1. Restricting attention to segment 70-128, and to residues there that are basic (Lys, Arg) and free of Cβ contacts under 8 Å to residues at least 60 places away in the same chain, which single residue is farthest from LEU146 (Cα to Cα)?
2. Can you spot a residue in segment 85-95 that is of a type in the set (Ser, Thr, Tyr) and open to solvent by 50 Å² or more (accessible area, probe 1.4 Å)?
3. Does ARG91 satisfy being modelled with pLDDT of 90 or more and of a type in the set (Lys, Arg)?
4. Quick one: in segment 196-210, of everything that is open to solvent by less than 80 Å² (accessible area, probe 1.4 Å) and touching a residue at least 60 places away in the same chain (Cβ under 8 Å), which residue is nearest to SER266 (Cα to Cα)?
5. In segment 141-156, how many residues are charged (D, E, K, R) and open to solvent by less than 20 Å² (accessible area, probe 1.4 Å)?
6. Being in contact with a helix residue (DSSP H, G or I) (Cβ under 7 Å, 6 or more places away or on another chain) and either part of a helix (DSSP H, G or I) or over 23 Å from LEU239 (Cβ atoms) (or both) is the filter; apply it to segment 114-132 and report the residue that is most open to solvent (accessible area, probe 1.4 Å).
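The values are calculated or read from the model by the stated rules, or taken from the named source; none is laboratory data. Quick caveat, the model's predicted, so the values are computed rather than measured. Positions of Cβ are backbone-derived with ideal geometry, glycine not excepted, and every protein chain shown enters the neighbour counts. Each accessible area value is taken on the protein alone, full model and side chains, heavy atoms only, with ligands, DNA and RNA left out. Shrake-Rupley method; radii C 1.70, N 1.55, O 1.52, S 1.80 Å.
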Amino acid sequence: MKFEVAGREVDFRPAHVLFVLSIIILLILVLALVSVLATFALTGSFTSESFLGANVDVLGVFSLITAPVLAFLLLRFSGIAKMKNDGALCRSLAAGRAIINIGLALLAVIASFAVGLYTKETLLFSALALAGNLLSACAEAIIMYLWLLFFLAPGKGRAMEAASKAGIFAVVYFIIQGIAIVLLSNASDNLVAVALDYGNIRFILFNFIFAFPLLYSMKEKEDPQAYKLFAALIVGAALMYSINSLMTFGGWSWVVGVVESIVELSIIYALSKKDILKTF
């Protein structure tokens, strides 16, 4: 099945979905093995409690690098599956990843209704959450596509420049969010201090991984169709989650997620347009 996304033809094939799924399952098995080894290394024994604790730590670290690791493995093992490494394959594999994520989101909703977490009364809430998850799945597929393109033909000079700008983005966005947290907490008479702890270090690294493929792929020539699609997916997902939050908790804090998504996309776009590395 062929269709077009942002001016690019996608040749979607079920075989590619199965290939992506098989690599994901392989990663899960490897992570489980790493968790077992980490449990023995840290505790000297193996219990379900210690395994779960180690598994949370391992998954916490791996969640930061899932996209690049998966993209690298997909291209690495594509030869075994007799697939030709080119841009068309990258688009098809990214579409396969989107289908898997969408399927998982739908299964999660069905399972929630089956066990009673969702009811007819919460149908609207579940629909908003599902819409947000579906939009996020499509945005993640685009990020996956960009990582695939990077590993397909990496350029050292472009990679160094993109890495520098991604680092600037990650630090600047962390500072902006930290200031926002302090101001919002102060407005609510519950002042919160922002420290460079483990959680915030992970936040900075996550934003670096998020921005790098975008900045690497953004060229001097404008690609408004692709930019608008990605921005719509990111802001749209944030909007769905925010409306859900508004209906659940009320208040005005629901708008924070939407503003954050707009700010982060604006910073990335500004970095892609201006050679900020020569400014200092």
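1. LYS120
2. Scanning segment 85-95 turns up no residue that is of a type in the set (Ser, Thr, Tyr) and open to solvent by 50 Å² or more (accessible area, probe 1.4 Å).
3. Answer is yes for this residue.
4. Residue satisfying both the conditions and the ranking: PHE210.
5. Final tally of qualifying residues: 0.
6. The extreme case among them is PHE125.
Rundown of residues vs (1) farther than 20 Å from PHE206 by Cβ; (2) loosely packed, with under 13 Cβ neighbours inside 10 Å; (3) modelled with pLDDT under 85; (4) of a type in the set (A, V, I, L, M, F, W, C), yes/no style:
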site	(1), (2), (3), (4)
LEU21	yes, no, no, yes
GLY53	yes, no, yes, no
VAL56	no, yes, yes, yes
GLY60	no, yes, yes, no
ALA71	no, no, no, yes
LEU74	yes, no, no, yes
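Yes/no per residue for (1) assigned to a helix (DSSP H, G or I); (2) modelled with pLDDT of 90 or more; (3) open to solvent by 70 Å² or more (accessible area, probe 1.4 Å):
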residue: SER112; (1), (2), (3): yes, no, no
residue: SER136; (1), (2), (3): yes, yes, no
residue: ALA139; (1), (2), (3): yes, yes, no
residue: ARG158; (1), (2), (3): yes, no, yes
residue: SER164; (1), (2), (3): yes, yes, no
residue: ILE168; (1), (2), (3): yes, yes, no
residue: VAL172; (1), (2), (3): yes, yes, no
residue: SER185; (1), (2), (3): yes, no, no
